[in-house]
Amino acid sequence: MLRALIFDVDGTLADTERDGHRVAFNRAFADAGLDWHWDVRRYGELLGVTGGRERIQHFMESGGSSIPAPERDALARTLHARKTGHYLSMVDEGTVQLRPGVARLLSEAYAAGLTLAIATTTSRANIDALLAHALPPGAMDWVRVIGAAEDAPRKKPDPQVYEFVLEKLQLAPRECLAIEDSAAGLQAATAAGLRTVVTVNDYTRDQDFPGALTVLSDLGEVDAPARVLAGAGMRDGVVDLAQLNAWHAWR
Ligand code: XBP
Ligand code: MG
């Protein structure tokens, strides 16, 4: 029986990367007087490294700057903290909106008594801000368990954050579905034993999603149905609880 939905955040709940995190990174670089700039394409490549601090560190290590090795760790931490500040301001200003179908599905699942959880690589403050600003008042309480960067130092594709969430939920993977947007996220969820629905975005649509239950354009709305890109088909282009239960029972 399907008891819980576990949502990824970046790219899944909201399209946060290109116009959110990327811009916040660039603002932090400018604040520090660095001439680094991550354009849309470059940032897409850098997304191969999950975790913002790890991404900055990787950028320095892969020749993106002339910062001496002993200074890189401290600089990555400082820049990342600054970047989080910028990102939070952007969420406050309403720059980041939920993807199609997300609020609808969260609300339907909560009303039907399903447990809702989050498993993400991003920092906890970012999730709290997103939920507070993008969901109706009080809806933050719908989410029973949140696993974030602070809870799982080994970032996706490592399954650690999903294992943390499953442990907190006291549920077996078979009783849950994960909703993800990326190959790394799918790998993490699969390695934790979860079956996964993938909704792609501009940064992830060309990735491979082996083992996903289904790969969709998005969760769909009645007036803007989702498209199935691979895997199990769907009835009417709207991912609702009936559709999730059908997929869950499917194999
Ligand atoms: C996506 C990530 C994060 C964000 C930036 O996580 O890899 O690193 O790009 O957020 P997910 P931070 O898809 O698992 O939500 O700077 O806070 O890491
Ligand atoms: Mg993601």
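Only one residue in 127, 179, 118 is among the β-branched types (Val, Ile, Thr) and not in a strand (DSSP E or B), so which one is that? The conditions single out 127.
Quick check on residue 77: is it over 30 Å from residue 243 (Cβ atoms) and within 14 Å of ligand 1 (Cβ to nearest atom)? Criteria met by residue 77.
Within region 78-105, restricting attention to residues that are touching a His at 6+ places or on another chain (Cβ under 7 Å) and buried (at least 16 other Cβ atoms within 10 Å of the Cβ), the residue that is nearest to residue 224 (Cα to Cα) is 91. The sole residue among 240, 158 that is among the acidic types (Asp, Glu) and either within 15 Å of the chain's Cα centre (by Cα) or surrounded by fewer than 15 Cβ atoms within 10 Å (Cβ to Cβ) (or both) is 158. Return the total of residues in region 39-57 being in a loop (DSSP other than H, G, I, E, B) and more than 11 Å from ligand 1 (Cβ to nearest atom). Within region 39-57, residues that are in a loop (DSSP other than H, G, I, E, B) and more than 11 Å from ligand 1 (Cβ to nearest atom) number 1. Evaluating residue 108 against the criteria (1) touching a helix residue (DSSP H, G or I) at 6+ places or on another chain (Cβ under 6 Å); (2) open to solvent by less than 30 Å² (accessible area, probe 1.4 Å) leaves one unmet condition, (2).
Okay, residues lined up against (1) without any contact (Cβ under 8 Å) to a residue 24 or more places away in the chain; (2) among the polar types (S, T, N, Q); (3) more than 17 Å from residue 37 (Cα to Cα):
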| position | (1), (2), (3) |
| --- | --- |
| 51 | no, no, yes |
| 56 | no, no, no |
| 62 | yes, yes, no |
| 68 | yes, no, yes |
| 71 | yes, no, yes |
| 80 | no, no, no |
| 100 | no, no, yes |
| 104 | no, no, yes |
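Scanning region 192-216 for residues being over 23 Å from residue 158 (Cβ atoms) and either open to solvent by less than 10 Å² (accessible area, probe 1.4 Å) or not in a loop (DSSP other than H, G, I, E, B) (or both) gives a total of 2. Of all residues in region 208-229, those that are assigned by TED's automatic domain parsing to the domain that holds residue 198 have Cβ atoms under 9 Å from Cβ atoms of residues that are acidic (Asp, Glu) and open to solvent by 60 Å² or more (accessible area, probe 1.4 Å), 6 or more apart or on another chain, in 220/236; 222/236; 225/236. Just checking, does region 5-18 include any residue being at pLDDT 95 or above and assigned to a helix (DSSP H, G or I)? Yes; the residues of region 5-18 include at least one that is at pLDDT 95 or above and assigned to a helix (DSSP H, G or I). Among the residues of region 154-172, are any more than 14 Å from ligand 2 (Cβ to nearest atom) and assigned to a strand (DSSP E or B)? No, region 154-172 contains no residue that is more than 14 Å from ligand 2 (Cβ to nearest atom) and assigned to a strand (DSSP E or B). Quick one: which residue in 39, 15 is more than 15 Å from ligand 2 (Cβ to nearest atom) and open to solvent by 60 Å² or more (accessible area, probe 1.4 Å)? Only one candidate qualifies: 39.
The residues listed here are 9, 23; of these, the one that is open to solvent by less than 60 Å² (accessible area, probe 1.4 Å), within 12 Å of ligand 1 (Cβ to nearest atom), of a type in the set (Val, Ile, Thr) and outside the structural domain of residue 103 (by TED's automatic domain parsing) is 23.
The values are calculated or read from the model by the stated rules, or taken from the named source; none is laboratory data. Treat the numbers as computed from the prediction; the structure is a model and nothing was measured. Backbone-built Cβ (ideal geometry, glycine too); neighbour counts: all protein chains shown. When the accessible area is computed, the model is the full protein with side chains, heavy atoms only, and any ligands, DNA or RNA have been set aside. Shrake-Rupley method; radii C 1.70, N 1.55, O 1.52, S 1.80 Å.
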